[in-house]
1. Specify whether the C-alpha gyration tensor of the range 115-181 places it in the rounded, prolate or oblate class, a ≥ b ≥ c being the square roots of the eigenvalues: rounded for a/c under 1.5, otherwise prolate if a/b is larger than b/c and oblate if not.
2. In the range 102-181, what percent of the accessible surface is made up of carbon and sulfur (1.4 Å probe, ligands and nucleic acids excluded)?
3. Taking K and R as +1 and D and E as -1, what net charge do the other residues with C-beta under 11 Å from the C-beta of Ala127 add up to?
4. If the chain between Tyr38 and Ala50 were fully stretched, how many nm would it gain, using 0.36 nm times the residue separation less the Cα-Cα distance?
Amino acid sequence: MYERSLPQRFARSAHPVGPRARVWLPTIEHRVGPSLLYRRIGQFAVDVIASALLPGAAMFLFVLLPTHPDGSIRSGPLTATITAGVLVVAVAILFWYWVLRPAEHDGRTWGMQAFGIRVVDVSGGRAGRRQLAIRWVLLCVDAFALGVIGLVAVLTSERGQRIGDRVAGTLVVRGRGPGLC
């Protein structure tokens, strides 16, 4: 069903990935077009907001801190324990959002899903967890200066890859694919 709806140029470049899903990698012969660039910018904005709100919810654990009537914290060790717990929960949530969820949803975060793009391996197959983890770790470099580093990397790359994509061996391509949820 999905295969029939693909334009002919995409159907020729299909790479089967597994028994359940296929990922199509369009032939990339020139620099990234403005449409994909705008989609990546919009996706970045959505994902930054989602990445801030999800771990921000973990901050509600600070409500559990016992305080004196003047607002000062009663227990130093308890504060340190709760702070460490909040950091662990926040990193776990971010790891889920940037690595585990895309690995199970055809290379898409919520922002990528909304803008119709996905992460694939440079060979056209499904991006693995290791590749997605490398992209996530290097996101701090790409997102530096409000994403300007990543934008410059995308604009100067023939395949539109940011630094994380280049190191991980991935591409961001258009395509919703099967199972958009």
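The values are calculated or read from the model by the stated rules, or taken from the named source; none is laboratory data. Remember, it's a predicted structure, so these values are computed and weren't measured experimentally. Here the Cβ positions follow ideal geometry from the backbone for every residue, glycine too, while neighbour counts run over all protein chains shown. Quick note on the areas: whole protein, heavy atoms, side chains included, nothing else; ligands and nucleic acids left out. Shrake-Rupley method; radii C 1.70, N 1.55, O 1.52, S 1.80 Å.
1. Details: a/c = 1.69, a/b = 1.53, b/c = 1.11.
It comes out prolate by the Cα gyration axes.
2. Carbon with sulfur: 66 percent of the solvent-accessible area.
3. Cβ neighbours under 11 Å give a net charge of +3.
4. On the way: separation 12, 0.36 × 12 = 4.32 nm, distance 1.84 nm.
That pair, Tyr38 and Ala50, stretches by 2.5 nm at full extension.
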